[in-house]
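Below: one structure, written as structure tokens.
The values are calculated or read from the model by the stated rules, or taken from the named source; none is laboratory data. Computed from a predicted structure; not experimentally measured. FYI the Cβ positions are ideal-geometry reconstructions off the backbone, even for glycines, and counts take in every protein chain you see. To get the accessible areas, we keep the full protein, side chains included, count just its heavy atoms, and leave off ligands, DNA and RNA. Shrake-Rupley method; radii C 1.70, N 1.55, O 1.52, S 1.80 Å.
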Amino acid sequence: MFHALVSIKQVPDTTNIRIDPETNNLIRQGVPTILNPYDAHAVAAAVEWKRKLGGKVTIITMGPPSAVTSLRECVEMGADRAILISDRKFAGADTWATSYVLAEVVKAIHKEDPIDLVFFGKQAIDGDTAQVGPGVAVRLDLPVVSYAVKIHAVDLEKRTVMIERKTESRNEIIKASLPAVLTCEKEIAEIPYASLSDLVYSLRYEPELWTTEGPITFDPVQLGLKGSPTTVFKTGTPEKHKAGEVIKTAEAGVDGSVKTALDKILTVEGMASLLGVAK
Ligand SMILES: Cc1cc2nc3c(=O)[nH]c(=O)nc-3n(C[C@H](O)[C@H](O)[C@H](O)COP(=O)(O)OP(=O)(O)OC[C@H]3O[C@@H](n4cnc5c(N)ncnc54)[C@H](O)[C@@H]3O)c2cc1C
């Protein structure tokens with residue numbers, strides 16, 4: 001039987017994102033939240049392969065109590081079990097502390113119910129670091145295939161998976177041993193319409209709650225702000241580039257145009273010495 005675990009994050013809808021200028025944190029109050037779009041496609045892929053091979057899909061998320069709605073959304077898509085990892089002691093986690101908690105949870109679930117594939121989204125659309133999936137894989141010493149666009153085959157007997165991944169210039173197909181970790185692009189699977197039975201099941205479904213009190217124990221030093229070696233020092237919106245200036249050779253001639261362009265370039269500080277010319 002195939003067992004897929006998908007790690008999902010509930011994120012602010014980034015069309016409405018605002019940053020607190022004092023704390024450099026996201027202002028979450030009053031901002032609608034959604035299931036991270038890449039994670040939704042990862043869930044769809046996990047459910048697709050569960051239906052092909054028979055088995056189950058487990059969803060986990062570390063987040064506030066409101067993340068229950070995203071977990072229910074995954075159950076509506078066909079997931080079987082959902083776990084909310086939530087506790088004030090987890091708050092303020094960076095990717096290092098987040099990957100610690102998620103890795104401990106994956107390890108505990110794997111012990112009672114062995115997992116074949118661990119799915120992540122390519123990145124979360126709020127933090128945008130794309131570090132959590134690979135971070136969990138490294139902590140668990142599992143192979144990781146990032147930017148996955150298609151699962152070609154899962155062989156539960158030979159314990160292998162064939163995955164197509166995207167690179168800048170081409171796609172490549174990689175064979176990895178199971179259990180493996182994937183970070184998924186949206187192409188990995190289409191989001192299906194929910195069946196009536198999944199829809200009804202999801203409405204009544206109560207996700208499990210895991211806290212620092214149990215059912216597993218965490219090293220308190222590695223949690224939340226205390227366990228986070230990085231802090232967001234400064235955030236800002238990059239300056240918009242101004243439109244370039246067009247110098248028309250028909251008006252200034254070639255020599256004149258080159259001279260005008262060069263004069264402008266040389267006004268940039270340090271450019272004259274860089275180009276080895278006198279101003
Ligand atoms: C503006 C801003 C900048 C930040 N910069 C940094 C930084 O430079 N370094 C840093 O360490 N932290 C940073 N953070 C904190 C970051 O939001 C958290 O570490 C967060 O918990 C995970 O990182 P991410 O959102 O970048 O996830 P990513 O690594 O982009 O997420 C990849 C995938 O991991 C899974 N995932 C991520 N978070 C969770 C979760 N809580 N539960 C379950 N699955 C999850 C999902 O499948 C997701 O698609 C930043 C936050 C903000 C708001």
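Can you name the number of the only condition in (1) under 21 Å from residue 148 (Cβ atoms); (2) within 14 Å of the ligand (Cβ to nearest atom) that residue 31 fails?
Only one criterion is unmet by residue 31, namely (1).
Given the criterion open to solvent by 30 Å² or more (accessible area, probe 1.4 Å), farther than 14 Å from residue 39 by Cβ and assigned to a strand (DSSP E or B), identify the matching residue among 163, 174.
Working: 163 fails: open to solvent by 30 Å² or more (accessible area, probe 1.4 Å).
Selected residue: 174, the only one of 163, 174 that is open to solvent by 30 Å² or more (accessible area, probe 1.4 Å), farther than 14 Å from residue 39 by Cβ and assigned to a strand (DSSP E or B).
Could you say whether any residue in region 67-82 is near the ligand (Cβ under 10 Å from one of its atoms) and farther than 23 Å from residue 201 by Cβ?
no
Give me the pairs, please: first residue somewhere in region 230-246 and assigned to a loop (DSSP other than H, G, I, E, B), second residue anywhere and modelled with pLDDT of 80 or more, beta-carbon distance under 8 Å, and either six or more positions apart or on two chains.
Matching pairs, first to second residue: 230/94; 230/95; 230/96; 231/94; 245/264.
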